[in-house]
Amino acid sequence: MAGSYPEGAPAILADKRQQFGSRFLSDPARVFHHNAWDNVEWSEEQAAAAERKVQENSIQRVCQEKQVDYEINAHKYWNDFYKIHENGFFKDRHWLFTEFPELAPSQNQNHLKDWFLENKSEVCECRNNEDGPGLIMEEQHKCSSKSLEHKTQTPPVEENVTQKISDLEICADEFPGSSATYRILEVGCGVGNTVFPILQTNNDPGLFVYCCDFSSTAIELVQTNSEYDPSRCFAFVHDLCDEEKSYPVPKGSLDIIILIFVLSAVVPDKMQKAINRLSRLLKPGGMVLLRDYGRYDMAQLRFKKGQCLSGNFYVRGDGTRVYFFTQEELDTLFTTAGLEKVQNLVDRRLQVNRGKQLTMYRVWIQCKYCKPLLSSTS
Ligand SMILES: C[S@@+](CC[C@H](N)C(=O)[O-])C[C@H]1O[C@@H](n2cnc3c(N)ncnc32)[C@H](O)[C@@H]1O
């Protein structure tokens, strides 16, 4: 793991951290003076080289038989991932509340400042094997002893309840969190790297947080985390591509749906229906928040021949898959689902490993799409 708080990450100012896009590299000679630079402009040659790299690594496609295996066993590959990594590391989401203030709308900024200061981050890659690029963890640090503490009692009974509930049509007043006034759902929550900071930071008594993942191993880690509080949170196993199973909340009941590096893990031809289903769960005025991999991100350029499944969609050495989006593709997915654009931006960042004198060009996309107050999909 690299040093302490990455200097290049937007700094915490007197009262709050700035949003992305505050440290610019105007003099290339200074590239190793900081750990990261924002809004890095790509030269034409660099963009052309990236395109060539992608053409090269996409020539040879994974055979059909393997493609079917990666699709039907996708949850098992993620289970294996979480069995190996558990939650021994914690991706610090110090950008979460400045980029997505909707997650804690009424919070005092000083609480956020305290939270960021307590959760200093480090930058590292959590896995990188010879088969190609690993899942690149952005800003992460070892789990604090507090968040690693596990409940010693048997896991909560929610797991069983979850399965039963998700098979039913949900009635308006018979669902977990039905009395809440602000409901957030995180889809593809993993081990709770977003959910727990939300629960810690947003002290609104009317808040209820739902979170799901199709990896039962991940959900078990969420449910057995010492910070899991069933009176404020409901974690359940759910495949966002499963058209048969409904979510355990009624249509039009959610204020926020958050997708962090999860849509990219879904096979492209199932993305639209998954977003359509999520859109129906939003209240009029509710919002989807997304952060995910952008086209030509360093992770895409690192794939070797033989790992490409289809255009811009790859399989990692451990069987998990990843897609690299353009802004236009995400815009089409959300607007087709009846949502309106609030934000759709590319975060081009140059991360620097000063020790190894390495430069890493990251491309992430961040979106906010809102359900219109008068909606035909509600
Ligand atoms: C890159 S991880 C991100 C996890 C988490 N959002 C985070 O940022 O820490 C992708 C997550 O999406 C989950 N996932 C992938 N496909 C899914 C699907 N079809 N339904 C539900 N979860 C899925 C995986 O199990 C994994 O936990």
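Each value in this text was obtained by applying a stated rule to the coordinates, not by laboratory testing. Computed from a predicted model, the values in this text were never measured in an experiment. Cβ placement follows ideal geometry from the backbone for every residue including glycine, while neighbour counts extend to all protein chains displayed.
Things worth noting here:
- Ratio of the Cα radius of gyration of region 168-227 to 2.2 N^0.38 Å, where N counts its residues: 1.17
- Residue list for region 285-320, given a label point 7 angstrom along the Cα-to-Cβ vector of residue 61 and an amide N cut-off under 14 Å: 306-315
- Applying the Karplus relation 6.51 cos²θ - 1.76 cosθ + 1.60 with θ = phi - 60° to region 228-241 yields 3J(HN,Hα) values of 6, 10, x, 7, 10, 8, 9, 9, 8, 7, 7, 9, 5, 8 Hz, where x marks Gly and Pro.
- Segment residue 49..residue 229, full-extension length gain: 59.9 nm, with 0.36 nm per residue of separation and the alpha-carbon distance subtracted.
- Computed E for residue 242/residue 69 - FRET, C-beta separation, R0 22 angstrom, nearest 0.05: 0.75
- Cβ-Cβ FRET estimate between residue 174 and residue 346, R0 fixed at 41 Å, reported to 0.05: 0.45
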